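Remarks on the structure that follows.
What follows is calculated from the coordinates using simple rules that are stated; it is not laboratory data. Predicted, not measured: the structure shown is a model, and the values here were computed from it. Methodologically, a virtual Cβ is constructed for each residue, glycine included, from the backbone with ideal geometry; neighbour enumeration extends over all protein chains shown.
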Amino acid sequence: MEIYFLALGMLLAGALLSVIVKDSWKFKVCSIFTLISSIVLFLPAAAVLLTGGTLAQTVYMSPIIGDVEFAIDPLSAFFVMVISGMSFLGTLYANGYMKPYLNKGMNVSSHCFFLMMLIASMVLVVTVQNAFFFLVVWEIMSLSSFFLVIFEGEKKEVLSAGIKYLVYMHLSVLFIIAAFVLLNIYSNSLTFSDFAVALHGEQTLANIVFLLAFIGFGIKAGFVPFHNWLPDAHPAAPTHVSGIMSGVMIKTGIYGILRVLLFVGTPSKLIAYTVLIVSAISALYGVLYAITQHDIKRLLAYHSIENIGIIGMGIGIGMLGLAYSNPAVAILGFAGGILHILNHSIFKELLFFAAGGVYLKTHTRNIEKLGGLIKNMPYTSLLFIIGSVAICGLPPFNGFISEFLIYAGMLKGIPSSEINLFITLVFAIAALALVGTMAILCFTKASGITFLGNPRSEQAENVKGDVARVMIVPMGILAFLTFFIGMYPQYFIGAVLVPASMFAGSEAILPIFNSVMALVSTLSWYFFLFLVLVLVLFALRALIKSKVVLHNTWGCGYNRANNHMQYTATSYADLFISTLKPLFKRVTHIKKPKELFPKEAYYELEVEDIEEAYIVKPLISWDEKFLAKFERIQSGNIQQYILFGLVFLIIAIIGLVYFGG
Amino acid sequence: MISLTVNILILLFVPFLMIGVIKKTKAFWAGRKGVSIFQPIWDFIRLMKKDAVISETTSWVFKFAPIIGFASILFASFFVPLVGGRALFNIPFAFVLFSYILGFGKFFSLISALDTGSSFEGMGASREACFSTIVEPAFFISMASIAALSQNYTFESLRLILKNAGAYGYVIIALLAVTLFIMLLIEGCRVPVDDPTTHLELTMIHEVMILDNSGPDLGLITWGAAIKMFIFEALIANLIIPASLHGLAALVAFLAVIFILALIIGTVESSMARFRMTHVFEFIFVMSITALIILALVTYRIYGG
């Protein structure tokens, strides 16, 4: 456990050192210190996952906080591994990505400092076992990521996205505090292990606490309808930050949900169904809106919502398994959900990094202006396509394995005695299938329009060469991981079955462990054969000596096709979007061609988030109207403000005297 | 071992003959003599010998996609039971793997269409991607219902319906056959969803995606498309052939079902035109409705007493 504190110390030291050194060294310092701390953190985490035990140490912090327990149990160990590994790749990537921003008088020092703080606080969040200290590090995490988001704060949209993020995070912490306060009242303690005891047998209380925590952590994770900050914050942040935030940080929300679930023990059917249904809606909503987006980072942000939904579906299935005391379903659900956490962090970072490379080279995130990048940026394109296949959950890549486990959980749960469970599961299966095919639609669009075909603008045409090697390497590692986990899932299943067994009970896991292992080993064999089949076909194809003639694309007899006649992202998605008209708020900007020789004409289609348009915006305007009534007391007169303070103190004292005793 | 060899031979060659039968049927209804049913094989060989014309715009995606697409279809077919009702690879939850492997191939054929930078091929890709979003959930609902009915998660569940559902079984089988047949028409790009022989690019789906493929690549794609149709026919065959048949009788019954289905497809294509694009959606939604009726029947059977 000492080694764990050493790693935290390294991260903080890196944070301080990166402030001092000169610009060109800052990100190197970040990467080196994150690498060392990652390696150091891997050791205890791996030990915990292999043995299934728990490492713990209590530290006396101060008279106010008291004793704080730090513990790495299998759940924490899993998250520690994901966080440290992915953060290291993020900082490595930043070395290349941030190069254009160095020596420009921008505040890179504070950026590096907060980057390291974010990593340290994420590690702390998943290991601290004390509610008060948890909230402190949770807040450090939110604030440091806020400062990372507003790196380019001089742009208006970046700043407003950052503020939106800050507001959402504080809504989130409000609900978390409420849940912890309730737990504190009933357990008279701040230690997590006491919370579980307090909730034992208290069904209603457990439901309330879980739902509060689900909303609180759900805002962080990005479940619909609390997702609204995600599509704004991710495009605004620098890419390595989007990668870390989307790949890792929003998973701390999932961690929180899982942790509270451990307090609850066996969940009631009510909350199990709630989690499953909210997650299914999130998954569908996320991918649906991703299809409509043409800003590549916004598209990826919506896909985070989708994947959080898939993770949540896994957890929901696991909870249903617990609620209906069906351990096989519970373990498959939790294992699938937890494995998807790892998988999503891998391919989402990969996709963000590749998208960041495109942005660096073309200075646009609008895929309608891109195209044909595969010729000048071959590595980035290949890596993005690999990431796309993985995120669609297609075999033989990693996304399939976790989705397959979730499917397996749902199908195993189907022969149930209860009709509502049966119907819910069948529709959940259909929802997951729908999410999968819509993801294919979305990512064929994203990768096809961005990288393939001909360039649609000068920015895309004038790209010279691929991104720097220091950016390719982390992407390469991530791409390799997507493939490796897909091909050899049996080596990773163990790492998720141990945390999953914390929920379902370790006695239950043994018989299921072997059957899951057998299943994924078979999958691994099949994928190997599939690979062999593909290679054999390639070899056979190479044997056929056919002359290849180059010609321009068949234009059905028309030989003067230009780049603007290509299919665009809008047109590619339009058939689907127009089929589902009521689900979107479509805003069109049209300038029709006029006069005899029309000079300018355009048509632009924008799709607004219905949740934002019909729920958030009306709420905000109502709120503004309400708060405007208080403008009168805001006089700007200091004496008056002191008076307000005095009045408040008097009321507080009176309240304390009457109700406090 | 014999059954394995027979199955592999069937898998590789019967799809060609099936296409031949469809063509022969269409020729019959049109009052023509038609080509021999072996013609698709000769066509395939001819394409394999041809040179290829490739667009300058394209990248490796375009070269790889036909091979990956074919490999994924062939590999997916290993999970489908053929004669004797046993698949080469028989694992639980096979239909999930089956669909996702087909999806892998589909992903590459979609981006290969976008790789040409054509103003037409993106249109086909868009339609194909859009239609499959409606097809998959219906397929999953019906397969999950059948799995629940027989508590069997492999494709063998298709053969266990009658045993587990009694008299309802006949209705479920009929509905499932309709569902799979519509899926076959969509995935196989046949009339009334798509017309494989049309010459108007604006109305096409799958054919417009492969406008730029030629020579051996086109050969692989057409063979793959034939196998894809064949595996859906094989699923229907497993559904309606009694589980008690064995050996030679099963083989004869299987081939009979395949060719009768080919006759039906040919007759459908001769007797009706393809739907307008907006009506294709309605047609595909029929599949969702039959899937939901199957779900309702299964629910009633399990919980209704």
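At 7 Å along the Cα-to-beta-carbon direction for both A:Leu580 and A:Leu205, put a label point, then send me their distance in nm to one decimal.
Each label point lies 7 Å from its Cα, and together they span 4.2 nm.
For the cross-link pairs A:Lys369/B:Lys63; B:Lys63/B:Lys228; A:Lys361/B:Lys63; B:Lys33/B:Lys106, which exceed 29 Å when the distance is taken from alpha carbon to alpha carbon?
Working: A:Lys369/B:Lys63 25 Å; B:Lys63/B:Lys228 21 Å; A:Lys361/B:Lys63 26 Å; B:Lys33/B:Lys106 36 Å.
Violating the 29 Å Cα-Cα cut-off are B:Lys33/B:Lys106.
P(r) tail for the range B:2-303, what percent of Cα pairs lie past 29 Å?
On the way: 15403 of 45451 pairs.
Summing the P(r) of the range B:2-303 above 29 Å gives 34 percent of all pairs.
Compute, for the range B:198-305, the length of the dipole vector about the Cα centre, with Cβ point charges of +1 (Lys, Arg) and -1 (Asp, Glu) only. Units Debye, rounded to 20.
On the way: 4 positive and 7 negative charges, 90 e Å.
That gives a dipole near 440 debye.
Please list, ordered by chain and number, the residues whose modelled amide H lies under 5 Å from the amide H of A:Gly66; skip anything fewer than 5 residues away on the same chain.
A:Met61
Taking the Cα centre of the protein assembly as shown as origin and charging only Cβ (+1 Lys, Arg; -1 Asp, Glu), how large is the dipole, in debye to the nearest 20?
Details: 58 positive and 52 negative charges, 398 e Å.
With only Lys, Arg, Asp and Glu charged at Cβ, the dipole is about 1920 debye.
In nm, give the distance between the simple-model label positions of A:Lys594 and A:Tyr558, each being 7 Å from the Cα along the Cα-to-Cβ direction.
About 2.7 nm separates the two model spin labels.
Average partner chain C-beta neighbours within 10 Å, per residue of A:536-543? Present the calculation step by step, with values, prior to reporting the outcome.
Working: counts 2, 7, 5, 0, 3, 9, 1, 0.
Partner Cβ neighbours, averaged per residue: 3.
For peptide A:450-457, compute the average count of partner chain beta-carbon atoms within 10 Å of each residue's beta-carbon. It would help to have the intermediate numbers written out before the result.
Numbers: counts 1, 5, 13, 12, 5, 1, 1, 0.
Mean number of neighbouring Cβ atoms from other chains: 5.
By how many nm would the segment from A:Thr51 to A:His170 lengthen if fully extended, with 0.36 nm per residue of separation less the alpha-carbon distance? Present the calculation step by step, with values, prior to reporting the outcome.
On the way: separation 119, 0.36 × 119 = 42.84 nm, distance 3.77 nm.
Length gained between A:Thr51 and A:His170: 39.1 nm.
For A:His363 paired with A:Glu157, estimate the spin-label separation in nm (one decimal), with each label point 7 Å from Cα along the Cα-to-Cβ line.
About 1.6 nm separates the two model spin labels.
Ranked from highest to lowest mean number of other Cβ atoms within 10 Å per residue, what is the order of the peptides A:620-627, B:187-194? Intermediate values should be presented prior to the final figure.
Details: A:620-627: 9.8, B:187-194: 21.9.
Per-residue mean Cβ counts within 10 Å order the peptides as B:187-194, A:620-627.
Taking R0 as 22 Å, what's the FRET efficiency between B:Trp60 and A:Phe484 from their Cβ-Cβ distance, rounded to 0.05? Write out the running numbers ahead of the final one.
Working: r = 22 Å, r/R0 = 1.00.
Efficiency, rounded to the nearest 0.05: 0.50.
Under Stokes-Einstein, with the Kirkwood radius over Cα pairs standing in for Rh, what whole-number D in µm²/s applies to the range A:36-127 at 25 °C and 0.890 mPa s? It would help to have the intermediate numbers written out before the result.
Numbers: Rh = 15.0 Å.
In µm²/s, the coefficient rounds to 164.
With θ set to phi - 60° and the Karplus curve 6.51 cos²θ - 1.76 cosθ + 1.60, what are the ³J(HN,Hα) couplings of the range B:205-216 in order, to the nearest whole Hz, using x for Gly and Pro?
10, 6, 5, 6, 6, 10, 3, 8, 7, 8, x, x
Hey, what do the phi angles of the range B:116-122 turn into as Karplus ³J(HN,Hα) couplings, whole Hz, using 6.51/-1.76/1.60 and θ = phi - 60°, x for Gly and Pro?
7, x, 7, 8, 9, 5, x
What is the packing order of peptides B:121-128, A:308-315, A:146-153, B:204-211, taking the mean over residues of other C-beta atoms within 10 Å and listing the highest first? Can you show the working numbers first?
On the way: B:121-128: 25.8, A:308-315: 30.1, A:146-153: 20.6, B:204-211: 22.9.
In descending order of packing, they fall as A:308-315, B:121-128, B:204-211, A:146-153.
On a 0 to 90 degree scale, rounded to 10, what angle separates helix B:60-77 from the longest Cα axis of chain B?
Helix B:60-77 and the main axis of chain B meet at about 20 degrees.
What list of ³J(HN,Hα) couplings, whole Hz, do you get for the range A:376-382 from phi and the Karplus terms 6.51, -1.76, 1.60, once you set θ to phi - 60° and write x for glycine and proline?
With the stated coefficients, the range A:376-382 comes to 9, 10, x, 6, 4, 5, 4 Hz.
Need the C-alpha centroid separation for the range A:181-216 versus the range A:298-358, integer Å.
If you average the Cα positions of each part, the centres end up 25 Å apart.
How much length is gained on full extension from A:Ile64 to A:Lys625, taking 0.36 nm per residue of separation minus their Cα-Cα distance? Don't skip to the end; give the middle numbers.
Numbers: separation 561, 0.36 × 561 = 201.96 nm, distance 4.04 nm.
Full-extension gain reported as 197.9 nm.
Roughly what % of Cα-Cα distances in chain A sit above 42 Å, to the whole percent? All intermediate terms of the calculation are to be shown ahead of the outcome.
Values: 59310 of 218130 pairs.
The proportion of pairs with Cα distances above 42 Å equals 27 percent.
If amide hydrogens are placed 1.01 Å from N in the peptide plane, which non-local residues have theirs closer than 5 Å to the one on A:Ala56?
For A:Ala56, whose amide H was placed from the backbone, the distant partners under 5 Å are A:Ile72.
Give a quick list of trypsin sites (Lys or Arg not before Pro) in the range A:421-501 that DSSP marks as loop, anything other than H, G, I, E or B, with at most 16 other Cβ atoms within 10 Å. Intermediate values should be presented prior to the final figure.
On the way: sites: A:Lys445, A:Arg456, A:Lys464, A:Arg469; in loops: A:Arg456, A:Lys464.
The qualifying sites are A:Lys464.
Cβ neighbours within 10 Å, averaged per peptide: list A:360-366, A:594-600 in order, most packed at the top. Write out the running numbers ahead of the final one.
On the way: A:360-366: 18.1, A:594-600: 7.1.
Most protected by this proxy first, the peptides run A:360-366, A:594-600.
Under the 0.36 nm per residue contour assumption, what length would be gained going from the current alpha-carbon distance of B:Phe28 and B:Phe281 to full extension?
Details: separation 253, 0.36 × 253 = 91.08 nm, distance 3.02 nm.
Separation in residues times 0.36 nm, less the Cα-Cα distance, equals 88.1 nm.
How many angstrom lie between the Cα centre of the range A:115-172 and the Cα centre of the range A:53-110?
So the separation of the two Cα centres works out to 12 Å.
If you average the C-alpha positions of the range B:200-229 and of the range B:1-61 separately, how far apart do those two centres end up, in angstrom?
Computed from Cα coordinates, the inter-centre distance equals 12 Å.
If you take the beta carbon distance between A:Ile477 and B:Val6 as r and set R0 to 51 Å, what does 1/(1 + (r/R0)^6) give as a FRET efficiency, to the nearest 0.05? Each step should come with its number before you reach the end.
Values: r = 46 Å, r/R0 = 0.91.
That pair, A:Ile477 with B:Val6, gives E of 0.65.
Give the average, rounded to an integer, of partner chain Cβ atoms located within 10 angstrom of each Cβ in A:406-416.
On the way: counts 1, 8, 4, 0, 4, 10, 4, 1, 9, 7, 3.
Across A:406-416, the average partner-chain Cβ count within 10 Å equals 5.
Calculate for chain A the 222 nm mean residue ellipticity that helices alone would give, adding -39,500 (n - 2.57) per DSSP H run of length 4 or more and normalising by residue count, nearest 500 deg cm²/dmol.
On the way: 25 runs with 468 residues, N = 661.
After summing the helix terms and dividing by residue count, I get -24000 deg cm²/dmol.
Measuring from a point 7 Å past the Cα of B:His246 along Cα-to-C-beta, which residues in the range B:1-29 have an amide N at less than 16 Å?
From the range B:1-29, the list is B:1-4.
Can you quote the Å³ per residue value for the convex hull of the Cα atoms in the range B:146-305, rounded to an integer? Intermediate values should be presented prior to the final figure.
On the way: hull volume 21.3 nm³, N = 160.
It is 133 Å³ per residue.
To the nearest 20 Debye, how big is the dipole of the range A:575-660 about its Cα centre, given +1 on the beta carbon of each Lys and Arg and -1 on that of each Asp and Glu?
Details: 11 positive and 11 negative charges, 61 e Å.
Here the size comes out at about 300 debye.
Tell me what chain B gives for mean residue ellipticity at 222 nm when only DSSP H runs of n ≥ 4 count, each as -39,500 (n - 2.57), the sum divided by the residue total, rounded to 500 deg cm²/dmol.
On the way: 11 runs with 215 residues, N = 305.
Estimated from H runs of four or more residues: -24000 deg cm²/dmol.
Can you sort B:Ser150, B:Ser145 so the residue with the fewest Cβ neighbours within 10 Å comes first?
Details: B:Ser150 20, B:Ser145 27.
Placing the least packed residue first, the sequence is B:Ser150, B:Ser145.
Over chain A, what is the relative contact order in whole percent, taking alpha-carbon pairs under 8 Å and six or more residues apart? The partial results should precede the final answer.
Numbers: 1028 pairs, mean separation 74.8, N = 661.
About 11 percent, as a whole number.
Going down the table (A:Lys104/A:Lys375; A:Lys251/A:Lys348; A:Lys155/A:Lys297), which pairs top 21 Å between alpha carbons?
Details: A:Lys104/A:Lys375 31 Å; A:Lys251/A:Lys348 12 Å; A:Lys155/A:Lys297 17 Å.
Beyond 21 Å between Cα atoms: A:Lys104/A:Lys375.
From the Cα gyration tensor of the range A:575-660, with a ≥ b ≥ c the square roots of its eigenvalues, which class applies: rounded if a/c is under 1.5, or else prolate if a/b is larger than b/c, or else oblate?
Working: a/c = 7.48, a/b = 2.58, b/c = 2.90.
Judged from the Cα gyration tensor, the range A:575-660 comes out oblate (a/c at least 1.5, b/c at or above a/b).
Amide H of B:Ile54 versus every other amide H placed in the peptide plane: which residues, excluding those fewer than 5 positions away on the same chain, fall under 5 Å?
Placed amide hydrogens put A:Val549, A:Leu550, A:His551 under 5 Å from B:Ile54.
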